[in-house]
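Structure first, then comments.
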Amino acid sequence: MRYLASEIAMIEPADAVLAGIEKRYLACPDCPPEPGLDKTRGWRDLPERIERCPSCRRAALDAVMLDALHVLHEFGLRDERDTLRSVGSPLVAVGYPLAYPPRLGREELIIQGQNISQKAAQAMVERISEIRGIILSQGVPGMHKAGEKPQENLLLAGSDLRADVCQSLFGELVIYKHQSKIHIEFSRQNAPKMRIIEQLMLKRRACRVVDGLCGPGTLGLMCALAGAREVVLNDAWLPAVQDVLLNLKANQELLGIEEIEYPEESSEPVGAAPVLAGRASGAIDIEVYHGDLARLFQRAEPADLCLIDHFPGMDTGEMREACRCCKEVVVL
């Protein structure tokens, strides 16, 4: 798969990310106290600016969001009553459960919000060094009805590439995603889906696992870390499959992957007949398909365990039927 050189440079190997994660967003000894701005106060009652630390140059999250609010006000997109919360959802470059407000360095924040113009977004990225990208929220990425174009948020400026640290009893992985194209899942220590995966893998020790609606690959790759010898990752949404391939590379050392191949390419946003987009080998064998789960087993071999992690409200009847060839099907 082809990506811009600037984006490739943003992808740190998972082991390097994890080695420094505890200190990534810590304040230095010279950092001023947390500003603690009132999130219910309007623009006219907030300071003009909060200075960065003179030593480490890092900024409190409130300082970055305040600067963004001023830009939106300048472009006529927020009025004097609008608060910091009106800017949008702040997403740090590497998400993990934080017990304290983060201190941000260069290009360590992505903002996803509404009522933001491209010109305002470009101004924020150019003027506020901590901001990596601005996303216009338009729905849940990848959701679609038959015959309709899938929903997709819009990257207005900068880059939307960020990662989440995913934790389990078996270890940690770093899962990258293009956040305008993949739905947001905030990193939590008590992640219900991860607890289900732990129980399944501890009780059954499945040798072959299929993650049928894999998104960026979180659950399937965690099964690989838990001891599955073969994993099949599949998604009909092309951006999700592209992110899976990034995550094979990012977590290569942690998963014991020796070689990654890209046998076939797909250009359709929503896959139908399965396309083998990637294959990894080494301590584990992984296949990555782009296609409709209902047709996956036309090419992939059945598994000991098949996971169906669907959007809320989705009818899974057809998918369950298609996966009956597997020994066990679990709908999350």
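The values are calculated or read from the model by the stated rules, or taken from the named source; none is laboratory data. Nothing here was measured: the structure is a model prediction, and the numbers come from that model. Glycine gets a Cβ as well: all are built from the backbone with ideal geometry, and neighbour counts include every protein chain shown. Accessible surface is based on the protein model in full, side chains and every heavy atom, while ligands, DNA and RNA are left aside. Shrake-Rupley method; radii C 1.70, N 1.55, O 1.52, S 1.80 Å.
Summary table
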read-out	value
Contact order relative to length of the chain, as percent, for alpha carbon pairs under 8 angstrom and 6 or more apart	12 percent
Dipole-positive endmost among Asn234, Gly220, Gln199 within segment 180-243 (Cβ charges, Cα centre)	Gln199
Karplus-derived HN-Hα couplings along segment 169-177 (A = 6.51, B = -1.76, C = 1.60, θ = phi - 60°), whole Hz, x at Gly and Pro	4, 8, x, 10, 10, 10, 10, 7, 7
Accessible area (Å², per residue) of the chain, counting only protein heavy atoms and a probe of 1.4 Å	47 Å²
Sparsely packed trypsin sites (Lys or Arg not before Pro) within segment 294-329, loop by DSSP, other Cβ within 10 Å at most 13	Arg324, Lys327
Degrees separating the helix 61-74 axis from the principal Cα axis of the chain, which is the longest one	70 degrees
Estimated FRET transfer efficiency when R0 is 35 angstrom, pair Cys56-Arg229 (beta carbons, to 0.05)	0.20
Share of carbon and sulfur in the accessible heavy-atom surface of the chain [1.4 Å probe, %]	49 percent
